[in-house]
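A short write-up of the structure that comes next.
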Amino acid sequence: MIGYDFPLLSLFVMSIWWMWLAAVLFGLVYAFVDNFKRTDHGGGAKAMWALLILVLPLVGTLIYIVSRPKEYTIPNPRNA
């Protein structure tokens, strides 16, 4: 691998890897917590979303974030 010949390139690649991993973990935690905060669906739906997020972490999180209703998005302070 070319990163072993160039130490700074290896450091850059590892930094990108850790940032990507942190972003994925943040997305998982956000989707999981947001799922249980919502009041528009019941316990069965929350359990199925949680199962989808835990079984297929990246795909389940993306599906959850895309399919949520707009009224549960984070409000923009400039539009309030």
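Since every read-out is calculated from the coordinates, none of them should be taken as a lab result. This one's a predicted model, so the numbers in the text were calculated from it and none came from an experiment.
Return the calculated 222 nm mean residue ellipticity for the chain, to the nearest 500 deg cm²/dmol, obtained by summing -39500 (n - 2.57) across DSSP H runs with n ≥ 4 and dividing by the residue count.
Result for the chain: -23500 deg cm²/dmol, rounded to the nearest 500.
Which value in Å does the Kirkwood hydrodynamic radius of the chain take, with 1/r averaged over all unlike C-alpha pairs and then inverted?
Result for the chain stands at 14.9 Å.
Once phi is turned into θ = phi - 60°, what whole-Hz ³J(HN,Hα) does the Karplus curve with 6.51, -1.76 and 1.60 give for every residue of segment 46-53, x standing for Gly and Pro?
Karplus values, whole Hz, x for Gly and Pro: 5, 5, 5, 5, 4, 5, 5, 5.
Residue by residue through segment 15-27, what is 3J(HN,Hα) from phi via Karplus (6.51 cos²θ - 1.76 cosθ + 1.60, θ = phi - 60°)? Round to whole Hz and write x for glycine and proline.
Rounded to whole hertz, the list is 5, 4, 4, 5, 5, 5, 4, 5, 5, 5, 5, 4, x.
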